[in-house]
1. Can you work out which of the residues in segment 235-287 that are more than 17 Å from Gly410 (Cα to Cα) and among the polar types (S, T, N, Q) is most open to solvent (accessible area, probe 1.4 Å)?
2. Answer yes or no as to whether Thr220 is farther than 22 Å from Pro413 by Cβ, within 16 Å of the ligand (Cβ to nearest atom), touching a residue at least 24 places away in the same chain (Cβ under 8 Å) and in contact with a strand residue (DSSP E or B) (Cβ under 8 Å, 6 or more places away or on another chain).
3. Restricting to segment 340-364, what's the tally of residues that are surrounded by 11 or more Cβ atoms within 10 Å (Cβ to Cβ), part of a loop (DSSP other than H, G, I, E, B) and among the hydrophobic types (A, V, I, L, M, F, W, C)?
4. Are any of the residues in segment 389-408 open to solvent by 70 Å² or more (accessible area, probe 1.4 Å), out of contact with any strand residue (DSSP E or B) (no Cβ under 8 Å at 6 or more places or on another chain), closer than 27 Å to Lys263 by Cα and not polar (S, T, N, Q)?
5. Please tell me if Lys61 is within 27 Å of Pro199 (Cα to Cα), under 22 Å from the mean Cα position of the chain (by Cα), open to solvent by 60 Å² or more (accessible area, probe 1.4 Å) and of a type in the set (D, E, K, R).
6. Can you pull out every residue in segment 185-198 that is within 14 Å of the ligand (Cβ to nearest atom) and either surrounded by fewer than 19 Cβ atoms within 10 Å (Cβ to Cβ) or part of a strand (DSSP E or B) (or both)?
7. In segment 90-133, which residues are surrounded by 14 or more Cβ atoms within 10 Å (Cβ to Cβ), among the hydrophobic types (A, V, I, L, M, F, W, C) and either without any contact (Cβ under 8 Å) to a residue 12 or more places away in the chain or within 16 Å of the ligand (Cβ to nearest atom) (or both)?
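The values are calculated or read from the model by the stated rules, or taken from the named source; none is laboratory data. Since we're looking at a predicted model, the values are computed, not measured. No Cβ is skipped: glycine too gets one built from the backbone with ideal geometry, and neighbour counts run over all protein chains shown. SASA here: full protein model, heavy atoms, side chains in, ligands and nucleic acids out. Shrake-Rupley method; radii C 1.70, N 1.55, O 1.52, S 1.80 Å.
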Amino acid sequence: MSNISVNFKKSKIDAKEIMAYSDEVKKIHMTMNNNLNNKNEFLGWLNLPSKHNKMELDKIKKCAKKIQENSDVLVVIGIGGSYLGARAVIEALTNSFYNLQSKEERKFPQILYVGNNLSSTYINDIIELIKDKDFSINVISKSGTTTEPAIAFRIFRNLLEDKYGIKEAQQRIYVTTDKEKGALKQLANEEDYETFVIPDNVGGRYSVLTPVGLLPIATTGIDIDKLMEGARFAQEKYNDPDLRYNDCYKYAVVRNILYKNKKNVEILACYNPKLHFFIEWWKQLYGESEGKDGKGIFPAGVEFTTDLHSLGQYIQEGERCLFETVLSLEDEESDITIQYEDDNLDGLNYLANKKLSYVNKKAMEGTIEAHVDGGVPNIIIEMKELSEDTIGHLIYFFEKACAISGSLLGVNPFNQPGVEKYKTNMFELLKKPGYEKKK
Ligand code: PA5
């Protein structure tokens with residue numbers, strides 16, 4: 001079983017200061033556990049890994065198999081929490097160029113994401129890309145009313161029906177939504193689409209380990225049992241109310257102390273581009289959970305060493321409002337040995353016979369040292385490798401830490417009232433019925 005350890009030494013926060021939060025954390029822990037079955041508390045994600053429904057997992061696997069057999073492409077329609085989790089896991093655990101690989105190399109369908117923006121060019125480009133391919137659709141929306149996925153679903157459902165006829169199209173549509181509410185649920189009932197339910201007490205950004213994430217993930221051949229197993233291990237590990245032994249709670253505490261010390265931007269950094277969308281998922285989780293009531297750490301992301309050549313200067317010497325959390329991987333899936341060359345024209349012989357992963361590691365160590373010396377505290381999350389159980393573990397770690405951290409900050413980590421503001425303005429401008437601008 002994979003393990004993840006968190007190193008707080010370079011956060012420069014001493015143990016005494018962390019332990020001062022013991023009682024407060026214990027109280028939040030108790031409240032969360034006591035409210036686990038309270039439907040209004042959005043805490044269903046807390047015990048998803050241990051309580052997952054075997055029948056549902058079997059249905060997910062069955063549908064994933066059907067998609068693998070009859071489709072070259074799965075079009076995943078969704079936005080925010082109904083999009084980022086699946087993409088985070090798929091990109092972390094498949095080949096870096098999965099969608100570009102040949103069908104033989106890939107073995108499983110390409111995954112294309114729509115409904116996550118309103119760009120006509122983006123959508124037209126995908127239509128062009130899939131027009132001669134067999135495809136299926138997984139439309140995901142908890143509310144069933146979000147504009148971006150609703151528009152995309154209308155477009156791609158029509159495309160599917162034009163290509164296969166209404167009857168076969170119906171067999172290629174998978175709907176993941178609320179058990180009874182929303183336009184999407186109504187449509188699914190009327191058209192008799194295969195449907196998966198998002199539990200009432202699991203909010204969008206905490207839903208990756210429900211069918212929201214699991215159906216697209218399983219379609220790419222990723223082992224969802226192992227993913228859940230990693231999360232289950234984390235569920236047990238991070239259920240210790242004693243702050244001394246709970247790194248997940250410590251992470252929540254340390255970021256709150258740093259915030260009080262005017263470090264109001266957290267950068268999540270990785271050294272492997274496969275984690276790019278994991279960082280995007282994390283940004284949504286923390287941004288929507290904590291950024292409210294005029295408070296919250298701004299979650300930013302960087303991919304090193306790429307961004308050392310763009311944002312590195314700011315991080316090293318700009319406004320001292322930053323701290324960094326580093327996702328450090330012990331093992332790469334594959335490695336490259338740097339060759340010796342007689343003429344040494346590029347001056348690289350000092351690295352001859354060294355592994356590229358070694359160079360990357362030294363870049364990471366050097367960067368951590370430089371940033372900490374420059375006044376950017378670092379928290380380092382060490383993990384063995386990118387695997388189903390490590391990613392499952394990491395998802396649960398960040399979800400639980402986010403809930404604790406938001407509660408320490410004094411905000412409700414499970415709502416997102418601010419997201420409605422742009423929608424209201426947009427609907428008024430689009431003259432959506434019920435949103436007519438009052439004169
Ligand atoms: O975390 C959330 O609740 C949001 O980010 C939602 O996931 C996002 O707005 C999409 O909503 P829905 O799934 O209702 O279409």
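1. Asn239
2. Answer is no for this residue.
3. The first filter runs over segment 340-364 and keeps only residues surrounded by 11 or more Cβ atoms within 10 Å (Cβ to Cβ), leaving 340-341, 344, 348-349, 351-352, 354-364.
Add one more test, that the residue is part of a loop (DSSP other than H, G, I, E, B), and what stays is 340-341, 344, 348, 352, 354.
Remaining after also requiring among the hydrophobic types (A, V, I, L, M, F, W, C): 348, 352.
Of the residues in that region, 2 qualify.
4. As a first pass, look at segment 389-408 and keep what is open to solvent by 70 Å² or more (accessible area, probe 1.4 Å): none.
Among the residues of segment 389-408, not one is open to solvent by 70 Å² or more (accessible area, probe 1.4 Å), out of contact with any strand residue (DSSP E or B) (no Cβ under 8 Å at 6 or more places or on another chain), closer than 27 Å to Lys263 by Cα and not polar (S, T, N, Q), which makes the answer no.
5. Details: within 27 Å of Pro199 (Cα to Cα): yes; under 22 Å from the mean Cα position of the chain (by Cα): yes; open to solvent by 60 Å² or more (accessible area, probe 1.4 Å): yes; of a type in the set (D, E, K, R): yes.
Answer is yes for this residue.
6. Phe196, Val197
7. Val114
Residue by residue, here is whether (1) in contact with a Cys (Cβ under 8 Å, 6 or more places away or on another chain); (2) of a type outside the set (D, E, K, R); (3) under 20 Å from Tyr206 (Cα atoms) holds:
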residue: Glu236; (1), (2), (3): no, no, yes
residue: Pro241; (1), (2), (3): no, yes, no
residue: Asn246; (1), (2), (3): no, yes, no
residue: Lys260; (1), (2), (3): no, no, no
residue: Lys263; (1), (2), (3): yes, no, no
residue: Phe278; (1), (2), (3): yes, yes, yes
residue: Lys283; (1), (2), (3): no, no, yes
